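Student: This structure is in structure tokens; I'll ask about it shortly.
The values are calculated or read from the model by the stated rules, or taken from the named source; none is laboratory data. Predicted, not measured: the structure shown is a model, and the values here were computed from it. No Cβ is skipped: glycine too gets one built from the backbone with ideal geometry, and neighbour counts run over all protein chains shown. What goes into the accessible areas is simple: the full protein's heavy atoms, side chains included, and nothing from ligands, DNA or RNA. Shrake-Rupley method; radii C 1.70, N 1.55, O 1.52, S 1.80 Å.
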Amino acid sequence: MPLSTIKNTNILKVYDAVKTSFWFTPCLILSLTILGCISLLLIDLYAGLNSLSWLNFLYHADASITRDLLTTVAASVMTVVSITFSITIVALTNASSQFGPRLIRNFMEDSSTQVVLGAFISLFVYCLILVRTTDDFADGDFLPGLTIAGAIAMTLFGILLLIYFIHHVSLNLQSDSVIDNVYKELQDSINQIFKQQKEEEDTCSSANKNQSKDSTQTKNNRKQFKFKSHSCGYIQAINYANLTDLMNKLNGHLDISVNPGDFVVNRMIVMTSDIENFSVEDEQRLHECFTLGPKRTPIQDPEFAVHQLVEIALRALSPGINDPYSAIACIDKLTAAICDLTQKNFPEGITYNENGIERITYKTTSFENLANIAFDQIRQYSQSCLAVRLRQLEGLIRIAEQANHATHWSFVRHQKLMIEHGLEQQQLVDLDRKEVSVRLQALSKLLDNV
């Protein structure tokens, strides 16, 4: 389900928690399996399929042998479940130590792991139900043949699922796969932001927007009513639609000074309004539009995935791991993301009502902010790794080739100067100095053409 289709921030938070849990999907699969088992048992009892000659092989079998077979399958499945859980825990431990504890979220969000756990647990419960059922039919000539056939089919499917799971975990533990998954999450977050921006811009014409700017300047001259946070935590989502509706009802303007991903403390000023007095109920409604939690999430925070890629790169550059190739892969993905950002117009941070009157002013992410987050820390931590700095220079060349705005050139020029200054502090051999010079000259040529 695309997050952009959900407007209620509390639902967004619950959806994100469910999506990254190991209990919801397995429980859902287990419930569906139990319902399916009961349905097949009812069909066996009342559909009269045992009278069909071409289904004799299903309904004429020894009950005790069938029960022993189901018991064996159930016991074997529990062994497989324990192995599956062990593999999952090993994967989480490896992800935490090599890529960072915040990357555990990405592994828990993997739907394949959730489905595999649910399928094996469901098969175990299915077999237990059938074992009890075959006891009831042990003295007669009738067995729930269709339901037993379902158990056999599920067992064969479980074998294939186990093979797929081992392959899937082996693939996902590779650093390139982890980096690519985080990069895709970054793309989704950015696309969601610009989709919301387009929806907001379509609600009113540019003429109305220009008209509302004058009224906003008048409102800013009034006395500001300050709202302070009632709790501490990371802002996970802000319900701008509800805030706009409330300000429209009160005929006022609200200025939000925090952004999704920011950490707020008790009694911190998070909003100001030109309305001098608020009722307790309206003030409570305003605070309810802010969803806080103990950690950052990518719900409305495009910087979240950028920080994840940066964290992978920094850990790869640490002496304990010493994996510059993973850091270079992160730089490549970050460069690709920044190149895409050069082709987008960032949100202006203003919402309007249906008449085009400005109601909310809020902080937004910017090209400079995201781009500097992607480059700064990696540049600072790669003092002793020339290969990483060379790849950053190559990334700046790719970005400069697509830059089309003053902020883009400013970012490229700033990062070039910082990298160049850092390289001047190092003692480089002639061949390395030549490699650096070639890239710096290519970048300088692009900057000179601006």
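Student: Only helices at least 20 Å long along their own axis, judged from Cα atoms, and with Kyte-Doolittle mean hydropathy of 0.0 or greater: name those in the chain from DSSP H.
Tutor: 24-46, 63-98, 111-136, 145-172, 303-317, 324-341, 386-402
Student: Moving on to the next point. Longest exposed-loop-site-free stretch of the chain, with GluC sites (Glu not before Pro), DSSP loop and at most 16 other Cβ within 10 Å?
Tutor: On the way: sites that count: E109, E276, E348, E354.
In the chain, the maximal stretch lacking such sites is 110-275.
Student: Over the chain, with a Gaussian network built from C-alpha contacts below 10 Å, which listed residue (I378, I338, I163) shows the highest mean-square fluctuation?
Tutor: It is I163.
Student: Sticking with this structure for a sec: Restricting to bridges with both residues inside the chain, how much of the DSSP beta-bridge set is antiparallel, in percent to the nearest 5? Mind showing how you got there, number by number?
Tutor: Numbers: 16 of 19 bridges.
Of those bridges, close to 85 percent are antiparallel.
Student: Restricting to DSSP loop positions (anything but H, G, I, E, B) with no more than 16 other Cβ atoms inside 10 Å of their own Cβ, which trypsin sites (Lys or Arg not before Pro) remain in region 282-340?
Tutor: Counting only loop positions with at most 16 other Cβ atoms within 10 Å, the trypsin sites (Lys or Arg not before Pro) in region 282-340 are K295.
Student: Using 0.36 nm times the number of residues separating S64 and N372, minus their current alpha carbon distance, what extension gain do you get?
Tutor: Fully extending the segment from S64 to N372 adds 103.9 nm.
Student: Continuing with this model, one more query. Ignoring ligands and nucleic acids, what accessible area does T71 show with a 1.4 Å probe (Å², nearest 10)?
Tutor: Accessible area of T71: about 70 Å².
Student: Can you figure out the FRET efficiency of R433 with A336, using R₀ = 41 Å and their beta-carbon distance, to the nearest 0.05?
Tutor: Computed FRET efficiency for R433 and A336: 0.90.
Student: Please report the carbon-and-sulfur percent of the accessible area for region 293-339; probe 1.4 Å, protein heavy atoms only, DNA, RNA and ligands left out.
Tutor: C and S fraction of accessible area: 58 percent.
Student: Going by accessible area, probe 1.4 Å, with all protein chains left in place, what is the ranking of W409, W23, W54, largest first?
Tutor: Highest to lowest solvent-accessible surface, that is W54, W23, W409.
Student: Given the options T66, T351, T84, state which has the largest fluctuation in a GNM of the chain using a 10 Å cut-off (strictly under) for Cα springs.
Tutor: Comparing T66, T351, T84 in a Gaussian network model of the chain, the most mobile one is T66.
Student: With the full set of protein chains in place, find how many percent of the accessible area of region 1-127 is carbon and sulfur; take the probe as 1.4 Å. It would help to have the intermediate numbers written out before the result.
Tutor: Working: 4730 of 6550 Å².
Within region 1-127, the accessible surface is 72 percent carbon and sulfur.
Student: Moving on to the next point. Apply 1/(1 + (r/R0)^6) to the Cβ-Cβ distance of D188 and I159, taking R0 = 22 Å, and write down the FRET efficiency to the nearest 0.05.
Tutor: Computed FRET efficiency for D188 and I159: 0.05.
Student: Over region 345-450, consider all pairs of different Cα atoms and compute the Kirkwood hydrodynamic radius from their mean reciprocal separation; express it in Å, one decimal.
Tutor: 15.7
Student: For n ≥ 4 DSSP H runs only, could you compute -39500 (n - 2.57) per run for the chain, divide by its residues and tell me the 222 nm figure to the nearest 500?
Tutor: Value at 222 nm, helices only, nearest 500: -22500 deg cm²/dmol.
Student: Too long at a 19 Å Cα-Cα cut-off: which of K184/K333; K195/K344; K416/K445; K333/K445?
Tutor: Beyond 19 Å: K333/K445.
Student: Now for a different question. Quick one: among P319, P347, P101, which has the greatest mean-square fluctuation in a GNM of the chain with alpha-carbon springs under 10 angstrom?
Tutor: P319
Student: Let me spell out the model: positive unit charges on the Cβ of Lys and Arg, negative unit charges on the Cβ of Asp and Glu, origin at the Cα centre of region 269-402. What dipole size does that give, in debye rounded to 20?
Tutor: That gives a dipole near 860 debye.
Student: Could you do me a favour and compute the accessible area per residue for the chain, 1.4 Å probe, result in Å²?
Tutor: Accessible surface, normalised per residue, equals 50 Å².
Student: Further question: Under a Cβ-Cβ cut-off of 12 Å, what is the net charge of the residues other than V182 that fall near it, where Lys and Arg count +1 and Asp and Glu count -1?
Tutor: Local charge sum for V182: -2.
Student: For the chain, what does the relative contact order come out to in percent, with C-alpha contacts under 8 Å and a separation of six or more?
Tutor: 16
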